[in-house]
1. Enumerate the amide H contacts of THR603 below 5 Å, restricted to partners 5 or more residues apart or on another chain; note that Pro and chain-start residues carry no placed amide H.
2. Is the chain best put as rounded, prolate or oblate by its Cα gyration tensor, with a ≥ b ≥ c the root eigenvalues, rounded for a/c under 1.5, and otherwise prolate when a/b is larger than b/c, oblate when not?
3. Short version: ³J(HN,Hα) in whole Hz for each residue of the stretch 483-489, in order, from phi by Karplus 6.51 cos²θ - 1.76 cosθ + 1.60 (θ = phi - 60°), x for Gly and Pro, what are they?
4. Determine ³J(HN,Hα), in whole Hz, for all residues of the stretch 164-172 in sequence, where each value follows from phi through the Karplus function 6.51 cos²θ - 1.76 cosθ + 1.60 and θ = phi - 60°; x replaces Gly and Pro.
5. Highest mean first, what order results for 387-399, 343-355 on Cβ atoms within 10 Å?
6. Check LYS641: other-chain or 5+ apart residues with amide H under 5 Å from its amide H, H built from backbone geometry?
7. Out of ALA466, GLY490, PRO527, whose Cα points farthest toward the positive end of the dipole of the stretch 463-539 (charges: +1 Lys, Arg; -1 Asp, Glu; placed on Cβ)?
8. Counting Lys and Arg as +1 and Asp and Glu as -1, each charge on the Cβ, what is the dipole of the stretch 378-518 about the Cα centre in debye, to the nearest 20?
Amino acid sequence: MPPARKPDQKAPRTVSPTGVGYDGPKTGRDPREQGGDKLTTPNGVRIPDSDHSLKAGPRGPVLLEDFHLREKIMHFDHERIPERVVHARGAGAHGVFTANGAAGKVTRAAVLAEKGLETPVFVRFSTVLGSRGSADTVRDTRGFATKFYTKEGTWDLVGNNIPVFFIQDAIKFPDIIHAGKPHPDREIPQAQSAHDTFWDFVTLHTEATHHTIWNMSDRGIPRSYRTMEGFGVHTFRLVDDNRETALVKFHWKPRLGVHSLTWEEAQIAAGFDPDFHRRDLYDAIENGAFPEWDLGIQVFPDTPEETFEGIDLLDPTKIVPEELAPVQIIGTLVLNGNPTNFFAETEQVAYHTGHLVPGIESTNDPLLQGRNFSYLDTQLTRLGGPNFTQIPINRPHAPVNDNTRDGFYQQAVHTGVAPYTPNSVDDGVPFPSDWAEGGYVNVPRHVEGDVVRAAPSSFDDHYSQAAMFYASLTSIEQQHIIDAYTFELGKCYEQGIKERALTVLAKLDENLCTQVALGLGLPVPAPEPVDHIAESPALRQIKPTPFPIAGRIVGVVAGPGADLDGIATLRKALEAEGALLRVIAPNGGQLAKGKNVEIVERTFATGRSIEFDAIVVADGAPKDGDFRALVMLQETFRHLKAVGAWGDGVEVLAAAGIDPEAPGVLTGKKASAKLAAGLIAALGLHRAWDRTPLVAASLVPPSV
Ligand code: HDE
């Protein structure tokens, strides 16, 4: 485990563990580092002074011959590249994927099939709608894109944290994005779906109903990138050594469980710490709490109908419940390295659904087919030309000999005179590879039909799986969905759009529709519930068993007179589980008592409840009723997180109006092993869900 680093300290200059970015053998130059320790121009000329322009006398005009000034300003003027048209806001990390061999029976792709094979990866998580500088915690779908640098070429699995998509045909993608992005006249709201055009689109294009209800669920506001599931969404075709094929759906399962923020936490974080998810990922990796996911596949027979139990596998608005087709684990992903340079790696990484390796093929899903064009095309303007696979983060780890030539930002110095195949002048090199030599040979598949602009009739079912999703959840999760629809539609101005949304909800669930209508102050439409397949408990994210707590953060409210021995005991117990303890005190600096010294990491001015997964008040903490400390505790309580106190710290809880007998409130005379164990168990369950009725009652006065 690397030594713990304080969260806001300057990052050490690390070398990426995958070795991505190192260009040594080709050019002798490592693009991560610049050579020597002298300041130079981009051309390597040493310069004496970078703070003063060259002038005709100290008060005179600046001279055109100042090449250093012009180069410095010229380069700065062009530092920005276009942000991604969607998924502009994101954070990335390096890691390793290790196959367990189980996929060997369905694919020849070594990255998945070869037991124990370690493949370097770069993963980028993102929101969809916001601009590059927008807040992390907005309600939105999250991207989960993985670049596998396999020995057979680069494979990108460009997925989301929601297993279905808004639309069924890529031709509608510009439309849904135009509707979701800020209104063109005022360019507001930023990074939000709570506005008229979004709801106009999703209620007119009702194929979006299933994805929308996932967005309104807790999945739309993840606690952390580390606690999100990931999904390939589309069905892919795997091919084994005998050219037998199977249809599969990919799933990433986080080892830490699936957990979300509360809506109030998400809103506070958007203002208090817009970098909430980015910081969480970086700090977890920096502190050695490496995020892990298992990769699983659902496997379906590759029949001519391409359906499973009546579910159309080519329809990206449908899932196959895990109860019908279990997720089989085929390997594990560990993220163990932060980027060295955000722009070079996270910003310049270019994912593409068409980056496939032998053994993994596309299907006819019309959304996937469109993506296979879009991801290649978009890089031309974003990364400035066709040579983006030569940018260090995009460089394959497999040998490349591709006959493409020239173009903007060509890095290679090609040798030979015959960039075509076959040739007789460069000794025939490069040669094509057949199946036996590992060539990407598509499995022949039969295609026939009339040329039409149409979707299959199975794509007409827009509601049944949305209804199934809602019915599958716990009542707490269902209430969050009711609250989310009520908030989002309550932010719309057009009555017609709200009413149309209610007619959609009337098809999903009567109580959902009624509660949202009441919240909006609109008449409740007649229920028209659709039939749906059996509920899928696997879709619930509130589970009765605790998850590991690595990377979780406990705040301890303390002050000059606090029990530092107790803090040390608690810290030791938490660190043994990979969790962190941060001291919160009225002022910055150090707290010292006897041999113990505690560094104050958050003050009452700089800390806020959303930074902590639990807050505990130390014996001897100040009792002066500072409202900032009390607000921190009240928010923590309201957000159902563990709160606690030891010794006379309970007086501070009382001042905050917190009932020591309430669920998830831990108190003790000392910071004992028992208190620590209780805290660890509470963190593992993420929230004290039993406290829900208490908090709900305090939010809505009984007379309303
Ligand atoms: Fe994307 N999407 N997308 N998308 N998408 C992009 O590619 C597009 C879709 C996803 O971290 C763009 O390089 C079309 C589904 C992620 O760099 C662009 C359609 C899923 C990322 C694009 C979809 C995704 C993108 C923008 C409809 C989940 C971020 C910049 C057919 C399975 C990747 C870029 C990163 C990014 C197009 C739908 C996931 C414009 C046309 C479905 C995670 O090419």
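1. ALA585
2. On the way: a/c = 1.65, a/b = 1.15, b/c = 1.43.
In terms of gyration-tensor shape, oblate.
3. For the stretch 483-489, the Karplus-derived couplings read 4, 5, 4, 5, 5, 4, 5 Hz, x marking Gly and Pro.
4. Karplus-based 3J(HN,Hα) across the stretch 164-172 equals 10, 10, 5, 10, 9, 9, 4, 5, 8 Hz.
5. Values: 387-399: 18.2, 343-355: 20.2.
Top of the packing list down: 343-355, 387-399.
6. Counting only residues 5 or more places away or on other chains, the set is ALA688.
7. Sorting the options by dipole projection puts first GLY490.
8. Values: 9 positive and 17 negative charges, 83 e Å.
Charge dipole, the stretch 378-518, about its Cα centre: 400 debye, nearest 20.
Each reported figure results from applying straightforward, stated rules to the coordinates on display, with no laboratory input. Given the structure is predicted, the values throughout are model-derived calculations rather than measurements. Note: ideal-geometry Cβ built from the backbone for every residue, glycine included; neighbour counts use all protein chains shown.
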